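Heads up, the thing below is written out as structure tokens.
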Amino acid sequence: MLTTACVALSCLFFLAGSLAGFGLARARWRPAAPQCGRRSDEATFTTLHIAAMAAPALRAGLTRDSARKAVGHLHTLLGTQAVAITSTDAALAWDGPCTDDVLTHARATLAAGRAQVFPGEPHGAVVVPLTVDGTVVGALAAFDDEVSAALVRTVTEVASWVSGQLELAELDASRRRALEAEMRALRAQISPHFVYNALTTIASFVRTNPKRARDLLLDFADFARYALRRAHDFTTLAEELTCVDRYLLLERARFGDKLRFSMQVAPEVLPVPVPFLCLQPLVENAIKHGMRGRGGAGEVRVVVRDAGPEAHITVEDDGAGMDPECARRMLDDDPAREGSGIGLANVDLRMRQIYGDGYGLVVETALGAGTKVRLRVPKTQLTTL
């Protein structure tokens, strides 16, 4: 993704130089020798500014709506009589007096796979393919009364920049699909080893304590409704802690007094947006390991602190702990692999994908010393899906 972005940026700066000498310069300024440098700077700034206005629409992919939002900016950028954007089978949007042959020209260009020049009256046309990952997805057409070699070069550079933005849009879409797939995998991992135990525990109270069984069944329904709903990128920390609370009620019914649990939460961080299902898997992991090595009993502690621009979360158990190298392998494991566990690997991967590598999980553990997992969440939500 960085490589594509760098190529697109390099292309944009090259484009700025080209347009400063052709489109915008031709349309708006008459060069004067004493002021040439200053006007060149102005043209470069104007080019970059216009491109920046077109970029958000193009980052949505090549659709009729995105083409409509971007085409006016591209028209201004090129300074020609008209500009049109097509897909492989339709004229998506245009600005200015285009000819009726725009789609015919585009199809001929797509078939050739390279820029084409079409002389004509009253306007000639330069049509350049738009590509994503080597595949032609559409075309950019510029119409003008004079089709020069400089115009061909400039339209080609603009099309190359547009293609770069469309590639970034595809990478964004791929990232969203990957995150959605990981969320589906996470929900699938929850069901096998938790649902059975929860329902078995509820069934054990049906005869001896029907009211407790009913309350636990409602708690299970609330937990399932949250965990299995259509996942959004973010929920609030308050909602995530409510999910944890429902989960703990079911686990307490299963383990009884053997499971001890404490939670300390700074109220000011409750509205902070957090990735969906980022905390409950860590608590489940802590219970799983905390109940070992202490005679079948254990304590789990959750602390959520306000740390200025971030919320800091720790989930700690007093179980048998593990070798630090084993913890490292758990983080490196494939979250989708059978037996890898629902907790650490999946949450660590998602945090790094959303916020960056600096926001992965930090695990502190040693044999006989329990395990502490640290999680940092920026208070400002990032856009991911």
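In straight Cα distance, which aspartates and glutamates are under 17 Å from Lys372, not counting same-chain residues fewer than 8 positions off?
Glu284, Glu299, Glu316, Asp317, Asp318, Asp323, Glu325, Asp348, Glu364
Give me the lysines in straight-line cross-link reach of Lys211: C-alpha distance below 25 Å, same-chain residues under 8 apart excluded.
Output for Lys211: Lys258.
So how many Å³ per residue does the convex hull of the Cα atoms of the stretch 206-378 work out to?
About 127 Å³ per residue, rounded to a whole number.
If the reach is capped at under 30 angstrom between alpha carbons, list the lysines near Lys379, excluding any in the same chain fewer than eight residues apart.
The qualifying lysines are Lys288.
Values in this text are rule-based calculations from the coordinates and carry no lab data. Because the structure is predicted, anything quoted here is derived from the model rather than measured.
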